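Visitor: Take this structure, written in structure tokens, and hold onto it; I'll ask about it next.
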Amino acid sequence: MIKKIKKKIDFFTNIIWQPNLKHQIKNGSTLIRLIRIIIIATKRSIEDNCAQKASALTYYTMLSVIPIVAMFFGIAKGFGYEKTLEAQIYEDFADKKEILDQVFEMAHKFLNNTNGDIIAGAGLIMLLWTVMKVLGNIETSFNEIWQIKKPRTIIRKATDYMAIMIFTPVFFLISNSSTIFISNYIDHLSNSIAWLQSFGWLISLSLNILPYSLIWIVFAFIYMTIPNTKVNFKSAMIAGIIGGISFQITQYLYIKFQVGVAQYNAIYGSFAAIPLFLVWLQTSWYIVLIGAELSYAIQNVSEYETQINSNKLSHEAKITLSVLTTELIVNRFEKGENAFIAHEISQKLDVSERIIKYILDTLIAAKIISEVKTNIDKLYAYQPALSTHLLTIRYVIESVEKTEFNLVKLYQRTNMLNTKKFFESFRQCLESQPSNKLLREI
């Protein structure tokens, strides 16, 4: 029994990651890929503290829900659809009427206190800052999942977040209106064209699925646009469908549990619905984050075939990869060709892109290479950060080592001065060695 358990553990921790495993199992390629995706998403959701991130996002949402709703109403008011938006929200979230009543009342008061019809001055600044702060926290969580250390620039944040703020209420109205329009139009066609009536069950099924498909699109849109990196449509869409379905199931369970809210009236009074709402909100954020982990796993599953953790790289492996990566970048630069992107370096060296990104970050910190923008949004290439006539093997090794360890304070100690002199002499010997070639000459 224990041996069987050990074998299963070994399969999911080691054997499943072997590159040639899919060739050993007949018709097992898809199944192996699926298992790998599930393992990656599960493992990384724990490592990235998705539950804790969901709690933080719930906190930020509760703090900013009134300004956000006020902003949406302010935008809808500009288009003349304020009442329509409110009615649609009531219709779509009928099970949360008690919460919505309180939120809408406070949102309208918020708008009225900022000069009625026009959201201006300090009120506008506060609204924009609050909404951008929430979106910024969401982006930070997504960037951590995607291991992106560089957030959007201030200008990019302003333009992207403003677009989201403006188009979210508009999309919400259009999506609800389009569902009704398509439903009425298909009913009209079915009555006009006799042979369509035989497909009534299929049409009815499609119309029932349509509202859910809009949720899937919203989730896919979130997974594609929020992270400050390029996310494939396929990865985002699959994660969006799974996330959307999970969200709908949570919504259904929330409605069922609403029956028990009456039992808490004696304790919470008019706030009886809030505890359950908080649970629903945190669960919803957790689903969103798990979907982001899933989209990451789908897009990067092939990189995990090389089961090496960048944090566990030996010093020798890190130095070797740093030199090889710099050599590729220097040679490409010397030839006047387009700069390498991380994926190309990963393929050239046959090493996981995750590890290559770690090496690239190290080389950037060592000021050996620098990032350059490409024609593709959110995709960066890499070029030498200094003259290629200076980039010797020893220079790269020493720069990377100095980045890893702060030797300045160490050498300030009196008892280390003699050692420092010998070490500097040793370095000079290495510098003069014939094997210390320029990388451009290799």
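Visitor: When region 329-345 is examined, which residues are found to be closer than 18 Å to residue 392 by Cβ and aliphatic (A, V, I, L, M)?
Guide: The answer is 329, 330.
Visitor: Also: Inside region 312-342, can you point out the residues that are free of Cβ contacts under 8 Å to residues at least 24 places away in the same chain and either part of a loop (DSSP other than H, G, I, E, B) or touching a His at 6+ places or on another chain (Cβ under 7 Å) (or both)?
Guide: 314, 335, 336, 337
Visitor: Next up: For the condition loosely packed, with under 15 Cβ neighbours inside 10 Å and either part of a loop (DSSP other than H, G, I, E, B) or among the hydrophobic types (A, V, I, L, M, F, W, C) (or both), what is the one hit in 376, 364, 356, 345?
Guide: Within the list 376, 364, 356, 345, the selection yields 376.
Condition check ((1) at pLDDT 75 or above; (2) surrounded by fewer than 19 Cβ atoms within 10 Å (Cβ to Cβ); (3) of a type in the set (Gly, Ala, Ser)) across all residues:
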| residue | (1), (2), (3) |
| --- | --- |
| 65 | yes, yes, no |
| 74 | no, no, yes |
| 97 | no, yes, no |
| 103 | yes, yes, no |
| 106 | yes, yes, no |
| 115 | no, yes, no |
| 128 | no, yes, no |
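The values are calculated or read from the model by the stated rules, or taken from the named source; none is laboratory data. Not measured: the values here are computed from a predicted model. Please note: Cβ atoms are built from the backbone with ideal geometry, for glycine as well, and neighbour counts cover all protein chains shown.
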